[in-house]
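Notes follow the structure.
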Amino acid sequence: MELEQLFEYIPHPHIERRQAAGPPNVAAAAARVHGPGRIGKANAKIGLKITVIVGTMWTAYLFTVLALVSAPSAFKSGDTLIIVAWVAQTFLQLVLLPIIIVGQNVQAAAADARAEATYDDASAVLAEARQIQEHLKAQDVAITEILSHVRGAIGRPGSERPDPVS
């Protein structure tokens, strides 16, 4: 009995694609969103730069100060509609925008860390599976050798095969 007859390993096609591509990154995601061309790359770069700048607590502090500049006029008017409009349109939108982006950046960093850990885990599992395959291949060789010895011992004169019914 030949070893090749026991098992033939056929790797999954995704393994080669995954090794060639590596882990997902921002550039690949940006190309999917904005397109792979020069304009798409420029749009992604500009959008990312603005997001990085606006998505800081320092920008939130600056926007708070900017919003507070118009607060005395809004409150001095005594008009409820103007006060509500200032709070909703000026203060909340201007100040919450960078704070929300900061929160999203923190969540994205955590998601990236989880994705990287999952990618590393998958790579480790793949390496372990390959080790298991090598171990099984070694066992197949040993089993084949034992089987040939058993067959040789059974075929020798003076060695009797046990009767399976008795």
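The values are calculated or read from the model by the stated rules, or taken from the named source; none is laboratory data. Remember, it's a predicted structure, so these values are computed and weren't measured experimentally. Methodologically, a virtual Cβ is constructed for each residue, glycine included, from the backbone with ideal geometry; neighbour enumeration extends over all protein chains shown.
Worth a mention:
- Residue within the stretch 92-102 that is of a type in the set (A, V, I, L, M, F, W, C), assigned to a helix (DSSP H, G or I), within 30 Å of ARG151 (Cα to Cα) and touching a helix residue (DSSP H, G or I) at 6+ places or on another chain (Cβ under 8 Å) present: no
- Some residue of the stretch 113-128 being in contact with a Leu (Cβ under 7 Å, 6 or more places away or on another chain), at pLDDT below 90 and over 30 Å from SER70 (Cα atoms): no
- Within the stretch 133-147, residues that are touching a residue at least 60 places away in the same chain (Cβ under 8 Å) reach partners that are among the aliphatic types (A, V, I, L, M) and in a helix (DSSP H, G or I) with beta carbons closer than 7 Å, at six or more positions or on different chains, in the pairs ASP140/LEU3; ASP140/LEU6; VAL141/LEU3; THR144/LEU3.
- LYS45 being of a type in the set (D, E, K, R) and surrounded by 14 or more Cβ atoms within 10 Å (Cβ to Cβ): no
For every residue, the table says whether it meets (1) part of a helix (DSSP H, G or I); (2) at pLDDT below 90; (3) over 29 Å from ILE10 (Cβ atoms).
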| site | (1), (2), (3) |
| --- | --- |
| ALA60 | yes, no, yes |
| ILE82 | yes, no, yes |
| ALA85 | yes, no, yes |
| ALA110 | yes, no, yes |
| HIS135 | yes, no, no |
| SER166 | no, yes, yes |
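- Residues in the stretch 9-27 that are assigned to a loop (DSSP other than H, G, I, E, B) and either at positive phi or of a type in the set (S, T, N, Q) (or both): GLY22, ASN25.
- Cβ-Cβ distances below 8 Å connect the following pairs, each with a first residue in the stretch 28-51 that is within 23 Å of VAL102 (Cα to Cα) and without any contact (Cβ under 8 Å) to a residue 60 or more places away in the chain, a second residue that is β-branched (Val, Ile, Thr) and part of a helix (DSSP H, G or I), and a separation of six or more residues or different chains: ALA44/VAL33; LEU48/VAL26; THR51/ILE101.
- Members of the stretch 28-40 that are outside any loop (DSSP other than H, G, I, E, B) and within 22 Å of the chain's Cα centre (by Cα): ALA28, ALA29, ALA30, ALA31, ARG32, VAL33, HIS34
- Contacts under 9 angstrom Cβ, first residue in the stretch 114-131 being in contact (Cβ under 8 Å) with a residue 60 or more places away in the chain and surrounded by 11 or more Cβ atoms within 10 Å (Cβ to Cβ), partner among the small types (Gly, Ala, Ser) and not in a helix (DSSP H, G or I), 6 or more apart: TYR119/GLY22
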